[in-house]
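Asker: Can you keep this structure in mind? I'll have questions shortly.
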Amino acid sequence: MARPSFQSVGDYIAAQPPPARPVLQRVRATIRKALPRATEGISYQIPVYKIDGAMVLYFAGFRRHYSIFPATARVVGALKKELAGFLHGKASIRFPLAGAVPTRLITRIARLRAAESGARAASRPRWR
């Protein structure tokens, strides 16, 4: 069976199970508010947010949870207490679909990633 090919974040959310849709819409709105300069798109068949072409954040919905990627060392270090119980693996933050969307925490994650991404881009040499 072929995987779906999403053209937009709206398409991605619409393809999710009905109980997940409002949660993912809230996650999307939170990220867009936190990163007003970001462009939104699809990469690896999940939503991605980029600033000046640099990847900042991904999110994805699953059967019982949704995840935000990447959970970098800087993000984990800055938000260690708030992320307790939500870290999964080396680079993902998992939140249950049931319960309130932690909008303040997602905003902080997005802004930390934007700063991290911007600092990385600024440190790259520019060739003329």
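Asker: Relative to the Cα centre, what is the charge dipole magnitude of the chain, using +1 at the beta carbon of each Lys and Arg, -1 at the beta carbon of each Asp and Glu, and rounding to the nearest 20 debye? Let's see the in-between values first.
Answerer: Numbers: 23 positive and 5 negative charges, 71 e Å.
Using Cβ point charges on Lys, Arg, Asp and Glu, the chain gives about 340 debye.
Asker: When only DSSP loop residues count, what trypsin sites (Lys or Arg not before Pro) in segment 15-58 have their Cβ near at most 16 other Cβ atoms within 10 Å? Mind dumping the intermediate values first?
Answerer: Values: sites: ARG26, ARG28, ARG32, LYS33, ARG37, LYS50; in loops: ARG37.
Within segment 15-58, the qualifying trypsin sites (Lys or Arg not before Pro) (loop, at most 16 other Cβ atoms within 10 Å) are ARG37.
Asker: Kindly put VAL56, VAL23 in sequence by how many other C-beta atoms sit within 10 Å of each C-beta, fewest to most.
Answerer: Numbers: VAL56 26, VAL23 21.
Ordered by Cβ neighbours within 10 Å, fewest first: VAL23, VAL56.
Asker: Can you list which of the chymotrypsin sites (Phe, Trp or Tyr not before Pro) found in segment 40-70 are DSSP loop residues with at most 11 other C-beta atoms within 10 Å? Before the final figure, lay out each step's value.
Answerer: Details: sites: TYR44, TYR49, TYR58, PHE59, PHE62, TYR66; in loops: TYR44, PHE62.
Answer in residue order: TYR44.
Asker: Hey, if you put +1 on the Cβ of every Lys and Arg and -1 on every Asp and Glu Cβ in the chain, which of PRO17, PRO4, MET55 ends up farthest toward the positive end of that dipole?
Answerer: MET55
Asker: Quote the FRET efficiency, to the nearest 0.05, computed for ALA84 versus GLU40 with a Förster distance R0 of 25 Å and r equal to the Cβ-Cβ distance. Write down the numbers at each step before the final one.
Answerer: Working: r = 29 Å, r/R0 = 1.16.
Using R0 = 25 Å, I get an efficiency of 0.30.
Asker: Next question, about the same structure. Can you give the helix-only mean residue ellipticity at 222 nm for the chain, where every DSSP H stretch with n ≥ 4 adds -39500 (n - 2.57) and the sum goes over all residues, rounded to the nearest 500 deg cm²/dmol?
Answerer: Numbers: 5 runs with 51 residues, N = 128.
Mean residue ellipticity, 222 nm, calculated: -12000 deg cm²/dmol.
Asker: Would you be so kind as to identify which of SER117, ALA34, ALA100 lies farthest towards the positive end of the dipole of the chain, taking Lys and Arg as +1 and Asp and Glu as -1 on Cβ and the Cα centre as origin?
Answerer: Positive-end residue among those listed: SER117.
Asker: For the chain, compute Rh as the Kirkwood radius over C-alpha pairs and then the Stokes-Einstein diffusion coefficient at 20 °C and 1.002 mPa s; write the answer in µm²/s, rounded to an integer. Mind showing how you got there, number by number?
Answerer: Values: Rh = 15.2 Å.
The calculation lands on 141 µm²/s.
Read-outs: derived from the displayed coordinates by stated rules, not from any lab. Computed from a prediction, not measured in an experiment: that's the story for all the values here. As a convention, Cβ positions derive from the backbone with ideal geometry for all residues, glycine included, and neighbour counts pool all protein chains shown.
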